[in-house]
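Asker: Quick one: the structure is below, questions incoming.
Derivation of every value follows stated rules applied to the coordinates shown; laboratory data play no part. Bear in mind the structure is a predicted one, so any value in this text is a computation, not a measurement. Virtual Cβ from ideal backbone geometry, glycine too; neighbours counted across all protein chains shown.
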Amino acid sequence: MRSRSIPPPRDHVLGVGVSALSFATASDLVVGVRGNRDTRGRSIGLATVHDVDEARADPSFRRSLNTSWLTPPDDLPLVWLGPPGFARVDGPGLMLAVYDAGRSPCFSGSQPGVADELKTRVTVRDPGLAVVGPSPPPCRPRVSPAPLRI
């Protein structure tokens, strides 16, 4: 049996290691790490085809996705690019599973103000929820990589 702190294997899609797991496995891993010192502060980077495209042009972003604890696919085209066993792990659904388990989320990413708005909305839904953060990184303009040649 796999330890809850050990993430599932990854399959590489254009240089990004995408976690090969189902929604149920992702939810169990995220919710099940409560109190596990080995997993504190680990990030989860839900990936889309757009993210993989951005990561091709931005080594720092690619490194962020590749070093996250989990990088599950958050859209169907990325699932279709992956091997059998890939399943969509939708961000909103995973957030709800985290909230419903009483876990404290930390929001990161997006444009300035978006993480603050999300924090406001989830605390309206669940007034007792302790939100850690938000912590949005500085966003950068989109960089278009060279066309992919297959």
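Asker: Where does the charge balance sit around Val18 when Lys and Arg score +1, Asp and Glu -1, over other residues with C-beta under 15 Å from its C-beta?
Answerer: -2
Asker: OK, next. For the stretch 10-103, go through all pairs of different Cα atoms, get the mean of 1/r, take its inverse, and jot down that Kirkwood value in Å.
Answerer: 13.4 Å
Asker: Find how much the distance from Ser43 to Arg103 grows on full extension, using 0.36 nm per residue of separation minus their present alpha carbon separation; answer in nm with one decimal.
Answerer: Full extension from Ser43 to Arg103 adds 20.2 nm.
Asker: Roughly how many nanometres apart are two label points built 7 Å out from the Cα toward the Cβ at Phe23 and Arg63?
Answerer: Placing both labels 7 Å along Cα→Cβ, they lie 3.4 nm apart.
Asker: Continuing with the same structure: What number, in percent, do you get for the relative contact order of the stretch 10-103 if the mean sequence gap of Cα pairs under 8 Å and at least 6 apart is divided by its residue count?
Answerer: Over the stretch 10-103, the number comes to 38 percent.
Asker: Under 5 Å between amide H atoms, partner at least 5 residues away or on a different chain: which partners does Val13 have, H built in plane at 1.01 Å?
Answerer: Excluding prolines and chain starts, which carry no amide H, the hits are Val18.
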